[in-house]
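Structure first, then comments.
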Amino acid sequence: MKRVKYSIYILAAIVLAGTACKKSFLEIDPQQNTDVAQTVTDVPSTRAAVNGIYALLQSANSYGRTASLIPDLMSDNLQISVINANRYQPQDQYAMAANDGMATNLWNNLYQVVANANLVIEKGEPLEVPVADTAEKRKLVGQAYALRAFGYFSLVRFFAQPYNFSAGATHLGVPITLKTATDKSGVVALGRNSVKENYDQIIKDLDSAVSKLNTDTAATSTSSKTRFNYFGGLALLSRVYLYKEDYAKAIDAANKVIDRKKYTLLPGATLVADFRKQSNAETIFEVAFTATDNNSTDALGYFYAQGGYGDAIATDTMYKIYTAADARRGFITRSRRTGTGGENPANIVNKYNNITTYEENLKVLRLAEVYLNRAEAYAYSNQDNLARADLNVITTRGDAAATVPGTLAGDDLKAAILVERRKEFAFEGHRLFDLTRRKQTFTKTRRGTITFIVNAPENKTILPIPQREMDANPAIKGQQNPGYGN
Amino acid sequence: MRKILALAMVMLLFTGSLLAQNKTLSGKVTDQAGAPIPGASVVLKGNNGGTSTGSDGSYSITVPENARTLIVSAVGFAQQEVTIGKNIQLDIQLTKNDQGLAEVVVVAYGTQNKRSLTGAATTISTEKLARAPRASIQESFQGNVAGVQAVNGSGQPGSVPNIRIRGVGSINASSAPLYVIDGVPVVSGDITGYNTNTIAGLSSNDVESVTVLKDAAAASLYGSRAANGVVLITTKTGKAGRTKFSASAQYGINKITLRDSDLPLSTPEMLELLREGWVNSGKNLADFPAEVKARGVDSTVNTDWVDALTRNGNFQQYDLSASGGTDKTTFYLSGGIYKSEAAVIGSDYTRTTAKLSLTNKATDRLSFNGSLSLGYQQSNTSSDAGAFANPIRSFYRLQPWLRIYNPDGSFDNSYNNTFNPVQLAEKNFRKAKSYSALGSVGAQYKIYQGLTFETKAGLDMNYGMTNLFWSPGFGDGRNYGGYGSASNALYLNWITTNLLKYKTTFGEDHEFDALVGYEAQKTTVNSSSNAASNFLPNTNTLANAAKPESSSSSITENSIASVLANVGYNYKRKYYLTGTFRRDGSSRFGFNKRYGNFWSVGASWDITSESFMANLKTLSQLKLRASYGLNGNQEIGNFDSRGLYSGNTVYDGSPAYALTQYSNDKLTWEVNKPLNIGLDFGFLNDRITGSLEWYERKTTALLLTVPISSINGLTGYTDNVGAMKNSGIEISISSRNIVSSSPDGFSWSTDFNLTTLKNKITALNSPSRGTFNREVGLDFYQYYLIDYAGVNAANGEAMWYTDSARTKTTNVFSQGLRANQGSALPDFFGGLTNTVSMKGFTLSFQLYYNFGNKIYDGWGSFLNSDGSSGFSATGKINRYTYENRWKKAGDVTDVPRVTYLGSQTGLSSQNSSRFLYDGDYVRLRDVTLSYNLPRSVTSRLKLANARFYVRANNLFTWVKDKRLSYDPEVPVTGDLDQRPPVFRTIVGGIDISF
């Protein structure tokens, strides 16, 4: 009997052991993620949050591939090969629907960039940090402004008609939000702002960025280019003003970059090899990809390289636009498309082609663009001499013999600058916007070398507001881009 | 935890017992025909110990002098209580009763007489589970349990079947039931991602019974995890008596189920289509041969990809078990091997299991039990869905003119981005290993008359390892000098349960029982994964790689703490009342909603025991049941209520994070309120038995991702919004059509069940429209696709409707209108099993039927490209197009004309209702022919039983929709995703026990 009693004690002990763990038993914190409250509270957490915005740009849905690829694919520069893995077919054929996956992903990604920049700006501006950290904090917040501007500028380019589409740019741009919540109570639904409002916001943000990054003028042609600095803000500003056709300000911004001589053009002789180098002397801002942090088979280079997908090939007109002596022709190789039944010869793009280590930063802003931005701004503000000089810097870098004739003026000069932009920025995500903002009708070559005419303006040169957005955002109802249903 | 185990060990040392004066009873247990029943259990009432009968049905049991009643039971017979008289010789005759109300069923936290159930619980007997040539026990639910939708969708052995009990209970949280093995709620699912279902780690031969708890009264005691129903799995334990051995062996073959209409086109057939498309696109026929040549097509090659990528797989299963014991200690010990080589190349699966179960009666009051199940699963699997390396995708999509081998014998890598599927299967691998251990120790102590204390500690551990390797030079590895990854995940799930049970009788007519308990459970997942590239030749472990690619590890946990209570009362065993209550606290929910209460009430009325029924001879039983209650579903992510930045990213070598989740501190469980009314009946002395159930379960506070504008930086947040209703009727009938009077005579029985299913979304904050249209009034899986209007007979162009009235059409896809197209959920489904036996032979066959659902092929636009893919290596067109395409003006068909590189149809984005199919099918799921050696032979061989059989699965399938190129069995979500179809399996086997 004693034993039985003893057993009861033991059983009671078990019950107690089982119930010992109380309330804290249910309080478990995440170890994989960070609670929002612990972000942007000091410089290291702000730095990580700003890095996070850049990391968003790395996505293949954004500046890791799509944002660079489709402006060339939807223009006269690229086509999809007959051998392909079905990516970007709707863009190649101008057959996008409102639920287009690439458009949806791009839209979502760019708004993630905007929202994360909002969070850094909102929490970072009033953040008190030790004196030793103030300079870095200012720089980080400045970068967030530049990234938000870059996000909005990308959105308005892809999803709205160019600035000059309507008088006063009153046509539909993209919704602007400058505050991002982290709790469900702060969710917003907003309709589209006008393109003018978009540009005003972009310029305001870039001004803030430039003023905060103005301590960052120590940048040199050899320093890392993977983050926005003072010059990055200005270079982007020169492009934004050019698109806005505010030529004086475009020239002003370009001057501030060129005059400080922090960047140098790569020599023509070694252009092809040097262009591919990480943070080369000419680049002002590029999206970083390292051996351990890259898009792998979703990398842009993988989409061009014949050892990868190799699905995008240059059109014949693209190849033929270069003189034989033009260094930039080296970015295209005439050879066989890999795979049975491929085009032969095909114009293989090798501007981006590292598919072994994928250490290939994607160029966003570089000095040559600033020259051509300024050349164009000069040409449209009747300063042909200055325009010719800037143009000449770029043409002769590509082909020493291609000096711009002194007689080139007026519309011919403007046309020559547009052609030069095509040559210089081929496969870097500029062409479609240069065509549309200059209201150019062009011939698009699609898979199977079938051609069709794209008029100016044309509904489908801009992407649809994603169906998902139309469904989830009541305020945007009725604001779909024409040609994509309602 | 450790403390508890240690204490339990100490307790095992107490083996003292009290001895009174004893006597020994002996006798023979027989059936009505007088044939001995071997293995029948003979126990003393109110006592755990007992014995079982030998092969001749005889038993011998030592009982105290004052013992009153013996309880005798055997599988397939009604349990019988026998009064012990003066005689020490006691022969007992049992009556056959395999479906009746007298069964004891395993229920939440205990067992119960089926007669006293007020809720809906269905038991699947061991005969339907054991010896099935299927890796996972859940696969055997199909067609056997009313109210349970069990579908596989993939023929890969070890894959996780979809189980839905009474419809789809949730949208974003899980809709899968809770699995409880011997009282331990376990981690279920595929922890490696390579087809190693954790539940498959348990051999179905070690399972004594499975009970499916479907309604509030049955399941609510599991509180916040009961909403999707509960599957209680009880494993075998030993029975007192002579040690009994059983052995079984099976061997068989697997073949892929493909109908003639599923077979891919040959080279001449494909070229015929493209030639026609060439002309249709306005080109000159004479130029076609030049194009064929330019596209590098060798028309003399005609590769049979189906033949190359599938095979006659094989299947083997061996099991051995021993069980027995004394009236103090019993044991069950088993081991099993299951081996399946899939019908698709590159896939195989092996499982080894072992189980030990012990019980010990230390004293009259104190008893212990312990059990340990070990499982080891190993699988080699190929990629699925859209992956280039998916062999199923390859045989549907690769052109017949492509070669497997170059003329020199090397693999041809000139197409499909160097993904040669045969080479991939041979040279690359995706391997998984999964180890599982489920152990528990428990003790019962009888404190006072009717008052019992039970305690139990359980540990459910699963360890998964995966290894992947891509050889250099082709396929996924073509840009690496070899690429490998290795990952590990440890799932540690422990639980302690303490229960106090009380049972009493007031006067003659009032029976009362109650249970209170406390339970705590914690699940921790530790995982890590590494990848590297540039391997030394002929190596594949990461130590041999030169370049690291990625490395990560993670830890995540969740916990539940609960109190629970259960009461039952009956009056004269005529009127039954039950009530349950549970309070759960969960770490997963928001700070402000951490605890919840769950309850149920149930009642039943045994009408046959009323005196006014006494004269109704044809009606042998009639029982009415009703229950209602509230339970929950907490199966969402561990940290879904928190605002989070996710740090799985890097930028330029520095750590980075970004917003990934909005916070919601009021997030809590989904509330499920099931109402159930059931009727159990039996006719003609229970020759025909069955039950009829009607249920309606209303789910509210559904955890949903509320879609929000992307301008918020995310596309949604999780909230308790929305409500859904599932309702249906379940009918199950068992009939012994012909009963033979002698064991060798002819007998025939039929089991039938039918389940209807209706789902309706009753509240949502905003509709969500993708492939499915989720809005109020529609069902959860309502397809929402561009409305295909067929083909314009005049010119062969595809048309899509532009208005909801379906009057206007367009030939421009992007102008087509999206419309509701029907549901992926079936209207009704069920099974029909017939068993006939004579002279030791038994033939049984089971039909499974499924009607009224739609299935959708997201890859349809690739297989039905109408020539738009041209000569593309993966542009093969399906047979349905070949046989039904529009050819000339006036042709009325639903397949547009073939146009070479045409742009009108066939783009990857052009998903429409054209690729939506009727999912109705009837399948001959199981046929078994077995032969039991006659007793005269077995006894001469000193065997208790010997049985030989052949069994075939999925022999024949009738499919309604002739357009469908795939097998119609799809996951609950209704999507065809280039998965391996279920296999046709034929096995032969032998079972012996002695």
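The values are calculated or read from the model by the stated rules, or taken from the named source; none is laboratory data. The structure presented is a predicted model; accordingly, all values stated were derived computationally and were not measured. All Cβ positions, glycine included, derive from the backbone under ideal geometry; neighbour counts span all protein chains shown.
Specify the residue that is farthest from residue A:107 (Cα to Cα); the eligible residues are those in the stretch B:702-732 that are surrounded by fewer than 21 Cβ atoms within 10 Å (Cβ to Cβ), in contact with a Lys or Arg (Cβ under 9 Å, 6 or more places away or on another chain) and away from chain A (no Cβ under 14 Å).
Looking at residues that are surrounded by fewer than 21 Cβ atoms within 10 Å (Cβ to Cβ), in contact with a Lys or Arg (Cβ under 9 Å, 6 or more places away or on another chain) and away from chain A (no Cβ under 14 Å), I get B:727.
Report, by residue number, each residue of the stretch A:444-465 that is at pLDDT 95 or above, within 14 Å of another protein chain (Cβ to nearest Cβ) and assigned to a loop (DSSP other than H, G, I, E, B).
If the condition is that a residue be at pLDDT 95 or above, within 14 Å of another protein chain (Cβ to nearest Cβ) and assigned to a loop (DSSP other than H, G, I, E, B), then A:463, A:464, A:465 are the ones that fit.
Applying the selection to the stretch A:444-462, what residues are more than 27 Å from residue A:343 (Cβ to Cβ) and buried (at least 21 other Cβ atoms within 10 Å of the Cβ)?
The answer is A:462, and nothing else.
Would you pick out the residues in the stretch B:276-296 that are outside any helix (DSSP H, G or I) and more than 17 Å from residue B:869 (Cβ to Cβ)?
Passing the criteria: B:282, B:284.
Could you check, for the stretch A:169-191, whether at least one of its residues is assigned to a loop (DSSP other than H, G, I, E, B), in contact (Cβ under 8 Å) with a residue 24 or more places away in the chain and away from chain B (no Cβ under 13 Å)?
yes
Taking the stretch B:518-562 on its own, how many of its residues are in contact with an Asp or Glu (Cβ under 8 Å, 6 or more places away or on another chain), more than 9 Å from every other protein chain (Cβ to nearest Cβ) and either within 30 Å of residue B:600 (Cβ to Cβ) or not polar (S, T, N, Q) (or both)?
5
Would you please name the residue that is farthest from the other protein chains (Cβ to nearest Cβ), looking only at residues in the stretch B:689-701 that are small (Gly, Ala, Ser) and assigned to a strand (DSSP E or B)?
Across the stretch B:689-701, the extreme among qualifying residues is B:690.
Exactly one condition in (1) under 30 Å from residue B:880 (Cβ atoms); (2) modelled with pLDDT under 90 is not met by residue B:302; state its number.
(2)
Which residues, taken from the stretch B:297-335, are part of a strand (DSSP E or B) and surrounded by fewer than 21 Cβ atoms within 10 Å (Cβ to Cβ)?
Result: B:314, B:316, B:318, B:320, B:322, B:324, B:329, B:331, B:333, B:335.
Is at least one residue of the stretch A:116-126 without any contact (Cβ under 8 Å) to a residue 12 or more places away in the chain, of a type in the set (Gly, Ala, Ser) and in a helix (DSSP H, G or I)?
Narrowing the stretch A:116-126 to residues without any contact (Cβ under 8 Å) to a residue 12 or more places away in the chain: A:126.
Now narrow it down to the ones that are of a type in the set (Gly, Ala, Ser): none.
Within the stretch A:116-126, none of the residues are without any contact (Cβ under 8 Å) to a residue 12 or more places away in the chain, of a type in the set (Gly, Ala, Ser) and in a helix (DSSP H, G or I).
Is it the case, given these coordinates, that residue A:333 is β-branched (Val, Ile, Thr), within 14 Å of chain B (Cβ to nearest Cβ), touching a residue at least 12 places away in the same chain (Cβ under 8 Å) and over 19 Å from residue A:431 (Cβ atoms)?
Judged against the criteria, residue A:333 is not a match.
Against the condition among the hydrophobic types (A, V, I, L, M, F, W, C) and touching a Phe, Trp or Tyr at 6+ places or on another chain (Cβ under 9 Å), how does residue B:644 come out, does it pass? Steps first, please.
Values: among the hydrophobic types (A, V, I, L, M, F, W, C): yes; touching a Phe, Trp or Tyr at 6+ places or on another chain (Cβ under 9 Å): yes.
Yes.
So is residue B:499 within 11 Å of chain A (Cβ to nearest Cβ), in a strand (DSSP E or B) and either surrounded by 15 or more Cβ atoms within 10 Å (Cβ to Cβ) or modelled with pLDDT of 90 or more (or both) or not?
On the way: within 11 Å of chain A (Cβ to nearest Cβ): yes; in a strand (DSSP E or B): yes; either surrounded by 15 or more Cβ atoms within 10 Å (Cβ to Cβ) or modelled with pLDDT of 90 or more (or both): yes.
Spelling it out, residue B:499 is indeed within 11 Å of chain A (Cβ to nearest Cβ), in a strand (DSSP E or B) and either surrounded by 15 or more Cβ atoms within 10 Å (Cβ to Cβ) or modelled with pLDDT of 90 or more (or both).
Out of the residues in the stretch A:290-327 that are of a type in the set (Asp, Glu) and at the interface with chain B (Cβ under 10 Å from one of its Cβ atoms), which is surrounded by the fewest Cβ atoms within 10 Å (Cβ to Cβ)?
Residue satisfying both the conditions and the ranking: A:293.
Only one of these conditions is not met by residue B:826: (1) surrounded by 17 or more Cβ atoms within 10 Å (Cβ to Cβ); (2) within 22 Å of residue B:966 (Cα to Cα); (3) at pLDDT below 90. Which number is it?
Among (1) surrounded by 17 or more Cβ atoms within 10 Å (Cβ to Cβ); (2) within 22 Å of residue B:966 (Cα to Cα); (3) at pLDDT below 90, residue B:826 violates only (3).
Restricting to the stretch A:29-42, give me the number of residues that are crowded, with 20+ Cβ neighbours inside 10 Å and in contact (Cβ under 8 Å) with a residue 12 or more places away in the chain.
Final tally of qualifying residues: 3.
Among the residues of the stretch B:290-318, which ones are touching a strand residue (DSSP E or B) at 6+ places or on another chain (Cβ under 9 Å) and either within 14 Å of chain A (Cβ to nearest Cβ) or among the polar types (S, T, N, Q) (or both)?
As a first pass, look at the stretch B:290-318 and keep what is touching a strand residue (DSSP E or B) at 6+ places or on another chain (Cβ under 9 Å): B:306, B:309-318.
B:310, B:312, B:314, B:316, B:317, listed by residue number.
Those residues that are part of a strand (DSSP E or B), over 27 Å from the mean Cα position of the chain (by Cα) and more than 7 Å from every other protein chain (Cβ to nearest Cβ), I need them from the stretch B:616-655; list them, please.
Of everything in the stretch B:616-655, those that are part of a strand (DSSP E or B), over 27 Å from the mean Cα position of the chain (by Cα) and more than 7 Å from every other protein chain (Cβ to nearest Cβ) turn out to be B:619, B:620, B:621, B:622, B:623, B:624, B:625, B:626, B:648.
Where residues in the stretch A:391-404 are crowded, with 18+ Cβ neighbours inside 10 Å and more than 17 Å from residue A:266 (Cβ to Cβ), which of them is modelled with the highest pLDDT?
Applying the filter and picking the extreme gives A:391.
List every residue pair whose Cβ atoms sit under 6 Å apart, with the two residues 6 or more apart in sequence or on different chains, where the first one lies in the stretch B:214-239 and is over 21 Å from residue B:116 (Cα atoms) and the second, anywhere, is of a type in the set (Asp, Glu) and in a loop (DSSP other than H, G, I, E, B).
B:235/B:182
Is at least one residue of the stretch B:436-446 among the β-branched types (Val, Ile, Thr) and either surrounded by fewer than 22 Cβ atoms within 10 Å (Cβ to Cβ) or at pLDDT 90 or above (or both)? Write out each step before concluding.
Within the stretch B:436-446, the subset among the β-branched types (Val, Ile, Thr) is B:441.
Now drop any that are not either surrounded by fewer than 22 Cβ atoms within 10 Å (Cβ to Cβ) or at pLDDT 90 or above (or both), which leaves B:441.
Checked against the condition, which is being among the β-branched types (Val, Ile, Thr) and either surrounded by fewer than 22 Cβ atoms within 10 Å (Cβ to Cβ) or at pLDDT 90 or above (or both), the stretch B:436-446 yields at least one hit.
When the residues of the stretch B:351-390 are filtered to those that are touching a Pro at 6+ places or on another chain (Cβ under 8 Å) and within 21 Å of residue B:339 (Cα to Cα), which remaining residue is nearest to the other protein chains (Cβ to nearest Cβ)?
B:382
Residues that are under 23 Å from residue B:830 (Cα atoms) and touching a residue at least 12 places away in the same chain (Cβ under 8 Å): which strands (runs of 3 or more DSSP E) entirely in the stretch B:718-807 hold 1 or more of them?
Qualifying strands (runs of 3 or more DSSP E): B:723-738, B:747-756, B:758-763, B:782-786.
For the stretch A:1-46, what are the residues that are part of a helix (DSSP H, G or I), at pLDDT 75 or above and facing another protein chain (nearest Cβ under 7 Å)?
Applying the first criterion (part of a helix (DSSP H, G or I)) to the stretch A:1-46 yields A:2-20, A:23-26, A:36-38, A:43-46.
Okay, now just the ones that are also at pLDDT 75 or above, so A:24-26, A:36-38, A:43-46.
The answer is A:25, A:26, A:36.
For the subset of the stretch B:702-715 comprising residues that are modelled with pLDDT of 90 or more and either in a strand (DSSP E or B) or aliphatic (A, V, I, L, M) (or both), which member is farthest from residue A:114 (Cα to Cα)?
First, the residues of the stretch B:702-715 that are modelled with pLDDT of 90 or more: B:708-715.
Next cut, either in a strand (DSSP E or B) or aliphatic (A, V, I, L, M) (or both) only: B:708, B:711, B:714.
On the way: B:708: 15, B:711: 8, B:714: 11 Å.
Among those that are modelled with pLDDT of 90 or more and either in a strand (DSSP E or B) or aliphatic (A, V, I, L, M) (or both), it is B:708.
Could you tell me whether residue A:441 is within 14 Å of chain B (Cβ to nearest Cβ) and farther than 30 Å from residue B:716 by Cα?
no
Looking only at the stretch A:91-132, filter to residues that are under 19 Å from residue A:189 (Cα atoms) and of a type in the set (Ser, Thr, Tyr); which one of those is farthest from the other protein chains (Cβ to nearest Cβ)?
Here the residue is A:104.
Out of the residues in the stretch A:338-356 that are crowded, with 21+ Cβ neighbours inside 10 Å and out of contact with any Lys or Arg (no Cβ under 8 Å at 6 or more places or on another chain), state the one that is nearest to residue A:68 (Cα to Cα).
The qualifying residue nearest to residue A:68 (Cα to Cα) is A:349.
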